[in-house]
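Reviewing the structure listed below.
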Amino acid sequence: MLSTSPSLDALIAEFSRLPGIGRKTAQRLALYILKRPRQEAEQMAAALLSVKDNVRTCSRCCNITEEDPCVICTSHRRDARVICVVEDSNDVFAIERTNEYRGLYHVLGGRLSPLDGIGPDDLHVRELLDRAQDGIEEIILAMNPDVEGEATTLYLSRLLKPIGLRITRIARGIPMGSDLEFTDTATITRAFEGRILI
């Protein structure tokens, strides 16, 4: 490939390092930035540096924040007796978009994956156990519905049961807009297991 600009090539290479961004998309993004006014590029650069300088992990829930403890942990509108355990901060964003959950969170920072060398000591499990002793009545396990998520759910439920808390998990079933005909058997099985009275 003929290179006409080392600076543009460097920007394309940086965009290509982002998850889900291939070479073509990286090239489109780089060319878009090139066409925009310098001020917009400066604002983007400032936002990138600000995130690196100011965002850290909440000492209570391990979610990302600029304040420690975070605004969710310190909110008087949240139910401090309930903790929803998730794999990462993206899951917090997804749940918060529903405007349905009013408890606290605990971000594990991943999930158990022995094949990838990720064990309990690589996650925020100890912090969760410490929090579970402090007036918590229910822990909701909201792991992703895959092998690693199921293993993490099972591991955490076994650790937490002796504490005497109510341990629940989010329901799993058939997504809105899908057809039963094309749904896998494990999902249909979980949908029947998690059925509700109407």
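The values are calculated or read from the model by the stated rules, or taken from the named source; none is laboratory data. What you see is a predicted model; the values in this text were computed from it and never measured. Don't worry about glycine lacking a Cβ; one is built from the backbone with ideal geometry, like all the others, and counts go over all protein chains shown.
To keep it simple, each residue is scored yes or no on (1) surrounded by 16 or more Cβ atoms within 10 Å (Cβ to Cβ); (2) at pLDDT 95 or above; (3) under 16 Å from the mean Cα position of the chain (by Cα); (4) among the hydroxyl-bearing types (Ser, Thr, Tyr).
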site	(1), (2), (3), (4)
Val92	yes, yes, yes, no
Ile95	yes, no, yes, no
Leu108	yes, yes, yes, no
Asp116	no, no, no, no
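Screening Gly117, Gly110, Gly103 for residues that are in the same structural domain as Ala151 (by TED's automatic domain parsing) and free of Cβ contacts under 8 Å to residues at least 12 places away in the same chain leaves exactly one candidate, Gly117.
Within the range 54-100, the residues that satisfy the criterion of being acidic (Asp, Glu) and outside the structural domain of Tyr155 (by TED's automatic domain parsing) are Glu66, Glu67, Asp68. Within the range 84-95, being farther than 18 Å from Ala171 by Cβ and not aromatic (Phe, Trp, Tyr) holds for Asp88, Ser89, Asn90, Val92. In the condition set (1) without any contact (Cβ under 8 Å) to a residue 24 or more places away in the chain; (2) among the hydrophobic types (A, V, I, L, M, F, W, C); (3) surrounded by 11 or more Cβ atoms within 10 Å (Cβ to Cβ), Leu49 is compliant with all but (3).
In the range 133-140 there is at least one residue that is of a type in the set (Asp, Glu) and exposed (fewer than 13 other Cβ atoms within 10 Å of the Cβ).
Cβ separations smaller than 6 Å between residues 6+ apart or across chains give the following pairs from the range 140-159 residues that are among the small types (Gly, Ala, Ser) to residues that are outside any helix (DSSP H, G or I): Ala142/Cys84; Ala142/Val86; Ala142/Ile170; Gly149/Arg111; Gly149/Met143; Ala151/Leu112; Ser157/Ile167.
Does Thr25 satisfy the criteria of being among the β-branched types (Val, Ile, Thr), part of a loop (DSSP other than H, G, I, E, B) and out of contact with any Pro (no Cβ under 8 Å at 6 or more places or on another chain)?
Values: among the β-branched types (Val, Ile, Thr): yes; part of a loop (DSSP other than H, G, I, E, B): no; out of contact with any Pro (no Cβ under 8 Å at 6 or more places or on another chain): yes.
So Thr25 does not fit the description; no.
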